[in-house]
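In what follows, a single structure is set out as structure tokens and then discussed.
The values are calculated or read from the model by the stated rules, or taken from the named source; none is laboratory data. All figures in this text were calculated on a predicted structure; none of them were measured in a lab. As a convention, Cβ positions derive from the backbone with ideal geometry for all residues, glycine included, and neighbour counts pool all protein chains shown. Just so you know, the surface numbers come from the protein's heavy atoms only, side chains and all, with ligands and any DNA or RNA stripped out. Shrake-Rupley method; radii C 1.70, N 1.55, O 1.52, S 1.80 Å.
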Amino acid sequence: MSADIRQGVRPAFRAWRAHRPFLAGVLLTLGGAEILVTMKVSLKVVLHIGMQGLAGYLLPSLMIVCGLLIIFNPAQRLFYSIVGILLTLGTWLTSNLGGFFVGLTLGAVGSCMAFGWLPDQEPRVSRRQRRKIKREHKAAVAARTTTDSKAPTTTTDDGQDDTGEGSLRGSMRSSTVDSPSHLTT
């Protein structure tokens, strides 16, 4: 019974995740969490640069909130990503150089990914699939050229050889002959 539930839950979660900037929100949330963890560290390595009061805890907390809002409310992702990058850059001054640059990097990458995410984007075709399509296309073109070369040659009324699909010169000549008189003057 649990196998049936698991088979239904995993595809449902995958479909839910596909319609939102999931990885971007996770990275922004992880960046905020990492910065909060470095604020609570009781090591002597911790730097005390910048404002250490409320702003040192407020900015990473708001980063976590923005990351979660990006995941659960993707319609407002642009606003949350701009606020997220501003909060991330603010932690550089207020929270141990942005969590020793790790949280700063995670937050910046997550915010940029959320800003660039497009909701109606087609899934990307894998490299293997692109190569397969290219090979099939080349094979179809090669098959078409071999059948075209075997097509019987006919002579048109203007004395031109034609392979059945029409020649460009013959079509141009016939179009200028039949043109209206007001355009040929």
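These residues, I85, I71, go from largest to smallest accessible area, 1.4 Å probe, as I85, I71. A 1.4 Å probe, protein heavy atoms only, puts the accessible area of F100 near 80 Å². 3J(HN,Hα) couplings calculated from phi for the range 119-133 with the Karplus curve 6.51 cos²θ - 1.76 cosθ + 1.60 (θ = phi - 60°) are, in sequence order, x, 9, 6, 5, x, 6, 7, 5, 4, 4, 5, 4, 5, 5, 5 Hz; Gly and Pro show x. Ordering E136, E122 by accessible surface, largest first, gives E122, E136; the 1.4 Å probe counts only protein heavy atoms, with every chain in place. The N73 and Q7 beta-carbon pair, evaluated with R₀ = 25 Å, returns a calculated FRET efficiency of approximately 0.30. Seen from S61, the other residues with C-beta closer than 15 Å to its C-beta sum to a net charge of 0, counting Lys and Arg as +1 and Asp and Glu as -1.
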